[in-house]
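The values are calculated or read from the model by the stated rules, or taken from the named source; none is laboratory data. It should be emphasised that the depicted structure is a prediction, and the values quoted were computed from it without experimental measurement. Because the Cβ atoms are built from the backbone with ideal geometry, glycine has one as well, and the counts that use them run over all protein chains shown. Surface areas here come from the heavy atoms of the whole protein model, side chains and all, with no ligands, DNA or RNA. Shrake-Rupley method; radii C 1.70, N 1.55, O 1.52, S 1.80 Å.
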Amino acid sequence: MKAFFKRTLLMFNSGLHRSAEQPLKVNRKWQKVLKSLRYYFLALLLAVTQIVFSGGMFKQKVVAQTQNLCPAGNVPTPVNWRPAVGAPNIATQTINVGEVAVNFSFAESVPGQVIDNEETLISNETYGGIPGPNLRFNIGQDKTPSPGNATLSINFSRPVIIASPLTILDVDRNGERDIGFIYQDRVTVTAFNGDVPVGVALRSLTPNTRVTGNTVVGINENSFPDRPDANASATPAGQLNRIDLLYEPGTEFGQPLQDETVGLAQFSICLPPPPGATIGDTVFNDRNGNGRQDEGEPGIGNVTLILRNSRGQEVRRTTTNSNGIYSFINLPLGNFTVEALRPNNDFNPTTNTTLAANLTQPNQELLTVDFGFNTNDATIGDTVFNDRNSNGRQDEGEPGIENVTLILRNSQGEEVRRTTTNSNGIYSFINLPLGNFTVEALRPNNDFNATTNTTLPANLTEANQSLLTVDFGFTNGATIGDTVFNDRNSNGRQDEGEPGIENVTLILRNSQGEEVRRT
């Protein structure tokens, strides 16, 4: 009876083959006009011969699909994908399952030449013996073998647990009715929680597939779409936020001469998802411009923040509440960055606007990713100069001194910022809030002496004020000094025991009798 079935089936299929120049995998490329007739004929054969493949195989398949892997208190919730044709159209779907967003992405080893976008689709038809909607993944174009491999990625916006083993459909190879049309399906399944790999256990559901590690290949016969004769299951070991299915043309039975198709049955995830790590915390009005949130500095509401993964791809975005607080919750482990967008044109950053945020422990709360902005645009400056005549002001011909360090301090004496002069001796502290400051100019080098105070007050009282009068003089010329003393014996010289006299005013005049300086 088995030989009769094979002979009859071969006779029926012989009319469906094309020439060797136009190979066709029969169970995937039927001519529409013969499709319904073929199903009817096959059903009649199965009824007459009483072939009972479906008994053990289909039951085993149903058990794999309905096994509940959810933790206590969680409910399996289906990912309700919609029919679509072509990888680009499938990739545009974002499926919201509770608070979890699910989407698909595709990658090709040879861009634009591997995936067949007519036969890669989500269909309501039965495939692998499972009623739709199922996802079919085809590689090779125009009935020619694939020049490389392709990957289907299932992405989740937060870590989830898959509610039952994934069922990979129709992982088969050419059979007796495919003479001259060599192919072998080969699928490798990997999973990740952020950047951390998650183990995946694969299992053959029929003798027609073989599992090695996390790879399943077809080893016996070409299966029909209404049969579960070439299915396998994949069970992730824990929570994840990405599953990759790498589809390659296998070469165990020769170089492929045909395009190939596998499928993925609809699946469910467990809700609510397990809690993940958190990144936050505050965007604040940095009134004193020191880069940290001090007492009395309020948060800024409605600031947009963007979370990106280690590949620079946007993961999520959010906005601060009325207190300037934000958070990204239920995150997987991995390396992220957070970018804070400028609140509006009146604000300027006082910290970096993009900061690293690395999650290394489950349920970690990284609440130190803060951003400072302030609303003032005031400036303090201006020049450190070579005071050649030592009169304490910059006269014509007295150049600036470059690379002088200046330190800005707030009213508490805390350093706020520091800068250096340019080649013309110019410096500035910009984007400052209102308040009372001091500026200290450090001595350029040992050859220079100050001709002005080295620390000067700089008080900002008006928005957008430009206080460009905080100048410092140094000279590397000669020095006149030294002591005013109590000449107790009136001999005109300072003898032992004759002390200096403090607070005596001295006036330096030039050869024309003009006062140059006093101290």
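Worth a mention:
- Count of region 77-99 residues, restricted to those that are open to solvent by 70 Å² or more (accessible area, probe 1.4 Å) and either touching a Pro at 6+ places or on another chain (Cβ under 9 Å) or over 23 Å from R317 (Cα atoms) (or both), is 7.
- Listed conditions (1) within 30 Å of F373 (Cβ to Cβ); (2) open to solvent by 10 Å² or more (accessible area, probe 1.4 Å); (3) of a type in the set (A, V, I, L, M, F, W, C) are all met by L305, apart from (2).
- Every condition in (1) modelled with pLDDT under 95; (2) charged (D, E, K, R); (3) within 15 Å of I154 (Cα to Cα) holds for E99 except the one numbered (3).
- Close pairs (9 angstrom Cβ cut-off, 6 or more residues apart or separate chains): within 11 Å of G140 (Cα to Cα) and aliphatic (A, V, I, L, M) in region 94-119, in a strand (DSSP E or B) and open to solvent by 70 Å² or more (accessible area, probe 1.4 Å) anywhere: none
- Taken residue by residue, region 485-501 has at least one member that is part of a strand (DSSP E or B), open to solvent by less than 90 Å² (accessible area, probe 1.4 Å) and in contact with a Phe, Trp or Tyr (Cβ under 8 Å, 6 or more places away or on another chain).
- Candidates N449, N464: the one that is open to solvent by 60 Å² or more (accessible area, probe 1.4 Å) and within 30 Å of E297 (Cα to Cα) is N464.
- The residues of region 370-411 that are of a type in the set (S, T, N, Q) and under 40 Å from the mean Cα position of the chain (by Cα), listed by number, are N374, T375, N376, T379, N403, T405, N410.
- Scanning region 78-99 for residues that are over 22 Å from A232 (Cα atoms) and assigned to a strand (DSSP E or B) turns up A84, V85, T94, I95, N96, V97.
- The criterion of at least 2 residues that are crowded, with 20+ Cβ neighbours inside 10 Å and not basic (K, R) is met by the following strands (runs of 3 or more DSSP E) wholly inside region 206-276: 215-218, 232-236, 240-249, 260-264, 268-271.
- Of all residues making up region 277-296, the number that are in contact with a Leu (Cβ under 8 Å, 6 or more places away or on another chain) and either surrounded by fewer than 17 Cβ atoms within 10 Å (Cβ to Cβ) or of a type in the set (S, T, Y) (or both): 1
- So F474, is it in contact (Cβ under 8 Å) with a residue 40 or more places away in the chain, assigned to a strand (DSSP E or B), within 30 Å of E297 (Cβ to Cβ) and open to solvent by less than 70 Å² (accessible area, probe 1.4 Å): no
- Contact map, region 479-506: residues that are touching a residue at least 12 places away in the same chain (Cβ under 8 Å) and closer than 28 Å to A450 by Cβ paired with residues that are open to solvent by less than 90 Å² (accessible area, probe 1.4 Å) and among the aromatic types (F, W, Y), Cβ distance under 8 Å, separation 6+ or inter-chain. Pairs shown: P499/F485; G500/F485; I501/F485.
- All positions within region 308-330 that are of a type in the set (S, T, N, Q), open to solvent by less than 50 Å² (accessible area, probe 1.4 Å) and under 23 Å from F373 (Cα atoms): T318, T320
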